[in-house]
Amino acid sequence: MVSGKVKSKGIKQKRNEFFWGWLFILPTMIGLVVLNIIPIFQTIYQSFFKTGAFGKGNIFIGFDNYKKMIADENVWQALINTFKYAIIEVPFSIAIAIVLAVLLNRKILGRTVYRTIYFLPMVAAPAAVAMVWRWLYNSEFGLLNHMLNSIGLKSVNWISSPNFTFISIAAVGIWSVIGYNLVLFLAGLQEIPRDYYEASEIDGANGIKQFFAITLPLISPTMFFVTITRIIGAMQVFDSIFMMMDRTNPAFPKTQSLVYLFYKYSFIESNKGYGSAIVMLLLLVIMIITVIQVQYQKKWVNYN
């Protein structure tokens, strides 16, 4: 009798846990479906259509948008530009954030203030950040060229020269995301037991050896997460390019990204079908990169 009551109570408790568990994640699930899953299928559907005259109606054209995209040099140039941006932004933002996280994880005066300062760019509006950096990069009145001129160096066309434009835009991206990466790495560092460092000090290991033998291996899961999210974010760069680059800028064709092309065709030229096809190319590229990362993570990520 008692056994039956205990069993019944256990079943009831499991049902309650199941109910409340799904109830708590329901808002997130609804947001994921409404804001992510449904738009993906709508975009796939839209990519097989061409917007009608004056932006009204859709005309089914099958795979014509994809055929046009394959033959479009602007699309492939934008893909190259997107890769260039990601190659510059992702490694540097991660490397700098790791070094800063290690330094700020120690007991130093004003540690909380430094953490806040580094995170401030994350809460600033992207448009405001881009406009401030645009003035800093100004070839005639910008602070950077003023500093170069003060030490006898020539001014640099930071955002109008094809040789510097992508580096300049990537620098803004690096500066903007360091705070986000820093917070994640700090969380990972605080999970590392101090015993490991104390034992290594007894064995005579200095700070550099500890960093490569203890810190990096033990925060590799955090590095894996940050790398995936930062590559996805970098491949979707748009704000800084849109706000900092004029359409008449001679370096603009070498800087526009796939997301900018999507914006251009979908909202300026009202060709949402072609814009959707470009987005599907970006989605495919991101998925391939993510799958490769997941497959090879076992070779460098330490979960022990």
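Before moving on, here are some points about what is shown:
- When residues of region 117-141 are limited to those that are hydrophobic (A, V, I, L, M, F, W, C) and in contact with a Gly (Cβ under 8 Å, 6 or more places away or on another chain), the one most open to solvent (accessible area, probe 1.4 Å): TRP135
- Within region 257-278, restricting attention to residues that are over 19 Å from ILE59 (Cβ atoms) and either β-branched (Val, Ile, Thr) or open to solvent by less than 30 Å² (accessible area, probe 1.4 Å) (or both), the residue that is modelled with the lowest pLDDT is ILE268.
- Residue list for region 189-233, filter: closer than 30 Å to VAL259 by Cβ and without any contact (Cβ under 8 Å) to a residue 40 or more places away in the chain: THR222, THR229
- Any chance ILE88 is open to solvent by less than 70 Å² (accessible area, probe 1.4 Å) and either part of a helix (DSSP H, G or I) or among the polar types (S, T, N, Q) (or both): yes
- Residues satisfying the stated conditions in region 191-211, i.e. open to solvent by 80 Å² or more (accessible area, probe 1.4 Å) and of a type in the set (Phe, Trp, Tyr): TYR196
- Some residue of region 164-176 being farther than 27 Å from GLN297 by Cβ, touching a Pro at 6+ places or on another chain (Cβ under 8 Å) and open to solvent by 30 Å² or more (accessible area, probe 1.4 Å): yes
- Here GLU201 meets the list (1) at pLDDT 85 or above; (2) assigned to a helix (DSSP H, G or I); (3) more than 32 Å from the chain's Cα centre (by Cα) almost entirely, failing just condition (1).
- Candidates ILE178, ILE108, ILE174, ILE159 - the one that is outside any helix (DSSP H, G or I) and within 30 Å of LEU218 (Cβ to Cβ): ILE108
- Exactly one residue among LEU186, LEU153 is over 26 Å from MET243 (Cβ atoms), more than 16 Å from the chain's Cα centre (by Cα) and open to solvent by less than 30 Å² (accessible area, probe 1.4 Å), and that residue is LEU186.
- Unique match (being of a type outside the set (A, V, I, L, M, F, W, C), closer than 24 Å to PRO221 by Cα and out of contact with any His (no Cβ under 8 Å at 6 or more places or on another chain)) among PRO91, PRO27, PRO39: PRO91
The values are calculated or read from the model by the stated rules, or taken from the named source; none is laboratory data. Note that the structure is predicted; figures quoted are calculated from it, not measured. Because the Cβ atoms are built from the backbone with ideal geometry, glycine has one as well, and the counts that use them run over all protein chains shown. Side chains included, ligands, DNA and RNA excluded: accessible areas come from the protein's heavy atoms. Shrake-Rupley method; radii C 1.70, N 1.55, O 1.52, S 1.80 Å.
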